[in-house]
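A short write-up of the structure that comes next.
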Amino acid sequence: MNAPAKIAPATLAKLAKLGIHHRADLLLHLPLRYEDETHLTPIADAQPGMTVQVQGVVTHSEVMFRPRRSLVCRLLEGHAELTLRFLNFYPSQQKQLAVGKQIRAIGEVRMGYFGLEMVHPKCRAIDDDTPLPQSLSPVYPTTTGLSQAVLRKLIHNALETLPLTDTLPTPLLKKLQLADFGDSLRLLHTPPPDISTATLQARSHAAWRRIKFDELLAQQLSMRVHHRERSKHLAPALPAHRKLTAALLQKLPFELTGAQQKVWREIAHDLGQTHPMQRLLLGDVGSGKTIVAALAALQAIENGYQVAFMAPTEILAEQHYLKLNEWLVPLGIEPVWLSGSLKKKEKTAAAARIASGDTLLAIGTHALFQAAVEFNRLGLVIVDEQHKFGVQQRLALRNKGKAPAHDAGRVLTRHASAKQDEIVGLKPDLQNHEPHQLMMSATPIPRTLAMSYYADLDVSVIDELPPGRTPVVTKLVSDARREEVFERVRAACLAGRQAYWVCPLIEESDALEVELQNAIETHQQLTAALPELKVGLAHGRLPPAEKAAVMAAFKAGELQLLVATTVIEVGVDVPNASLMVIDHAERMGLAQLHQLRGRVGRGAAESLCVLLFMQPLSELARERLKVIYENTDGFVIAQQDLQLRGPGELLGARQSGVAMLRFADLNEDEDLLEQARLTADELLRDAPDVARAHLHRWMANKHDFLQV
Ligand code: ADP
Ligand code: MG
């Protein structure tokens with residue numbers, strides 16, 4: 001084995017920018033693509049559109065000033081000529097391309113003013129006997145000031161000097177039909193000339209598959225390890241007593257669907273454990289997550305513990321507050337309401353009730369985890385639409401559960417219907433306890449994404465809608481036919497139903513102002529066009545009391561048409577509303593359109609969603625509207641969204657805490673992901689040393705993979 005090369009400090013700094021901190025990281029710095037310098041094309045055979053390598057003698061070299069300053073050279077081979085043109089160039093390049101020099105140039109050939117030419121080809125001076133490279137030339141991701149040549153040399157050196165031992169045992173590789181690690185790396189860094197460039201570029205070659213598998217395995221291992229670590233923490237056991245929960249179920253006007261019963265069983269079981277639940281409840285819009293959350297809350301309350309129920313917007317939080325009041329007050333439990341818009345005095349009063357343990361259920365916005373709010377004994381945190389919250393916010397709420405030591409063993413509370421003797425049975429070390437966590441999301445996450453990025457959570461899925469829903473019909477209508485849509489609204493409302501009109505989303509810096517202006521103008525326009533209807537307006541700037549009044553009036557059927565900004569995006573529930581018009585639908589994302597459409601189709605009436613769009617449509621907008629028009633299943637839509645946007649955008653806030661995959665592609669590599677997931681569990685159970693070695697190779701320099 002050769003000695004490792006010394007690396008200059010300036011180069012080290014640049015490598016660090018690429019995430020290369022250890023010599024071994026060089027091995028996993030894999031090519032973006034390859035250039036084929038292994039053979040030459042005679043200039044006489046070069047055709048426009050081809051990317052080729054040619055060689056010849058410089059017969060002419062000149063700096064021209066028209067149409068703009070450029071270096072123009074003529075390359076001669078036999079009788080054939082080719083022009084090389086450079087718009088930006090260094091004096092050194094000019095020297096390299098002096099008349100009489102022999103040059104090899106790679107680039108795309110096109111037809112130019114002087115005949116065939118290459119613009120900005122990659123050039124290299126050669127002698128008569130400079131050999132051609134024997135393998136495809138890797139092109140690496142790099143950063144300013146770090147040349148491909150330097151990177152290639154460093155990586156080559158790492159390949160020669162570092163051990164390329166396989167982290168995975170041979171029988172496992174055989175079973176999964178995976179290639180050897182060292183062979184794969186060598187092949188990817190220095191592919192032989194006879195290899196199929198296509199399979200290399202498409203990353204479908206066995207060597208790529210091995211590396212992608214390793215990456216996915218590392219990701220799965222790391223998330224499972226996190227999951228394990230957190231499940232070693234302590235939480236109060238909140239077993240099912242089936243008193244309050246049974247009472248609620250009995251009072252409901254409906255039966256839980258099979259899917260709701262299944263997820264409810266999973267949650268009820270988790271709550272009974274002495275380590276914190278870390279469960280994500282996924283269910284499409286309208287699948288009935290709120291009742292499941294209410295049951296979970298009751299189980300905690302039965303055990304004398306407090307529950308914090310948090311939603312991302314005031315409207316949604318308030319709706320939960322009203323709903324839970326309706327369900328829980330008859331059972332003797334009075335939720336307390338806490339939001340940022342409460343007056344200071346009200347807020348202090350609410351916080352005091354929470355701190356004294358007087359109240360067992362607090363519902364609100366992120367105001368719930370402000371420093372001033374101190375829970376007495378928080379047992380369960382429920383976060384609705386969890387993807388709308390940042391990692392930091394959720395962490396803050398979880399830490400609220402760690403009660404100060406003097407609270408330990410404190411006796412509860414006048415609303416606690418649970419029997420006191422059940423409370424006495426609790427462990428006294430409350431200060432080490434964390435609350436259980438139930439996160440909910442209506443953004444259906446494609447299976448691959450859920451498996452990959454939520455591998456640190458347990459996932460429950462409600463995969464069935466309550467019965468009696470009629471599917472929503474979707475229509476795409478150009479804004480030129482706006483008036484016809486007014487008529488639709490009129491007809492629906494006069495027939496006794498209700499409608500939403502959602503105003504466009506504005507993305508400029510003064511978005512709120514413009515959005516508000518827009519909503520007000522649309523409201524005026526609709527009031528004028530439909531004088532016989534009662535039209536309400538809800539937007540983000542309305543004082544909370546007014547907003548609540550408008551929503552209540554709509555819910556009660558006193559308003560027939562509700563003009564709203566996207567404040568109604570999540571969670572609003574008015575079964576009699578059967579028409580949804582989305583203005584400027586071309587500006588909205590798929591998840592948002594799906595959520596909005598989910599506001600209708602909740603009752604028995606046939607529902608309609610009109611997507612009004614403004615011409616001309618961008619390519620992406622056209623794609624999105626097509627997807628939403630053709631699909632109603634949230635999971636299918638999410639899968640399409642993943643293809644249109646990639647996982648980074650789809651995951652939003654969560655992404656900030658997650659190192660994204662560099663090589664694997666969740667669309668293409670589902671089979672590898674599935675294998676990696678199974679293998680991760682197997683290794684953690686049967687071969688922890690192997691798991692550790694593998695994590696070390698892939699994660700040695702990653703920061704904490706996930707902080708949630
Ligand atoms: P989401 O999952 O979008 O939060 P909600 O919890 O708001 O959905 O439920 C949507 C509507 O369906 C509500 O009116 C709710 O009361 C109702 N609902 C929930 N479960 C059932 C069920 N099993 N049968 C009938 N209606 C139900
Ligand atoms: Mg909801």
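Among the protein heavy atoms of the range 67-158, carbon and sulfur supply 54% of the accessible surface, probe 1.4 Å, non-protein parts ignored. Rounded to the nearest 20 debye, the dipole magnitude of the chain is 1360 debye, with +1 charges on Lys and Arg beta carbons, -1 on Asp and Glu beta carbons, and the Cα centre as origin. Take the Cβ atoms of residue 234 and residue 174, set R0 to 30 Å, and the FRET efficiency comes out at 0.10. Solvent-accessible surface of the chain, taken per residue with a 1.4 Å probe and all protein chains present: 44 Å².
For a quick protection proxy, order the peptides 152-162, 4-14 by their average other-Cβ count within 10 Å, most packed first. All intermediate terms of the calculation are to be shown ahead of the outcome.
Values: 152-162: 17.0, 4-14: 11.6.
Put in order of decreasing packing, that is 152-162, 4-14.
Quick check: Cα centre of the range 147-220 to Cα centre of the range 306-378, how many Å? That distance is 54 Å. Using only the Cα atoms of the chain, each taken as one equal point scatterer with no solvent, compute I(q) by the Debye sum, divide by I(0), and report log10 of the ratio at q = 0.09 Å⁻¹. For the requested q values the scattering log ratios are -0.95.
For the range 581-631, what is Rg from Cα atoms divided by 2.2 N^0.38 Å, rounded to two decimals? Mind showing how you got there, number by number?
On the way: Rg = 11.3 Å, N = 51, 2.2 N^0.38 = 9.8 Å.
Output field value: 1.15.
Restricting the calculation to alpha carbons of the range 472-631 gives Rg and Dmax of 14.6, 42 angstrom. When 120, 189 are compared by accessible surface with a 1.4 Å probe, the order from highest to lowest is 120, 189.
Show me the ranking of peptides 588-599, 122-133, 193-204 by mean Cβ neighbours inside 10 Å, starting with the highest. Write out the running numbers ahead of the final one.
Values: 588-599: 23.4, 122-133: 11.7, 193-204: 13.5.
Highest mean packing first, the order is 588-599, 193-204, 122-133.
Here the range 457-501 exposes an accessible surface that is 53 percent carbon and sulfur, computed with a 1.4 Å probe and the other protein chains kept in place.
Determine the percent antiparallel among the DSSP beta bridges restricted to the chain, to the nearest 5. In the chain, approximately 35 percent of DSSP beta bridges are antiparallel ones.
With the highest mean first, a sort of the peptides 245-254, 461-470 on other beta-carbon atoms found within 10 angstrom per residue produces 461-470, 245-254.
Please compute the alpha carbon radius of gyration of the range 40-131, then divide it by the globular-protein estimate 2.2 N^0.38 Å. Two decimals is fine.
Values: Rg = 12.1 Å, N = 92, 2.2 N^0.38 = 12.3 Å.
That works out to 0.99 for the range 40-131.
Among the listed pairs 6/122; 475/534; 243/323; 14/122; 534/555, those with a Cα-Cα distance over 18 Å are 6/122; 475/534; 243/323; 14/122.
Its Cα gyration tensor gives the range 283-387 an equivalent ellipsoid; the semi-axes, largest first and in whole Å, are 20, 16, 12.
Helix 619-630 axis versus longest C-alpha principal axis of the chain: approximately 40°, rounded to the nearest ten.
The values are calculated or read from the model by the stated rules, or taken from the named source; none is laboratory data. All values derive from a computational prediction rather than experimental measurement. Please note: Cβ atoms are built from the backbone with ideal geometry, for glycine as well, and neighbour counts cover all protein chains shown. We work out accessible area using only protein heavy atoms, side chains counted, and drop any ligands, DNA or RNA first. Shrake-Rupley method; radii C 1.70, N 1.55, O 1.52, S 1.80 Å.
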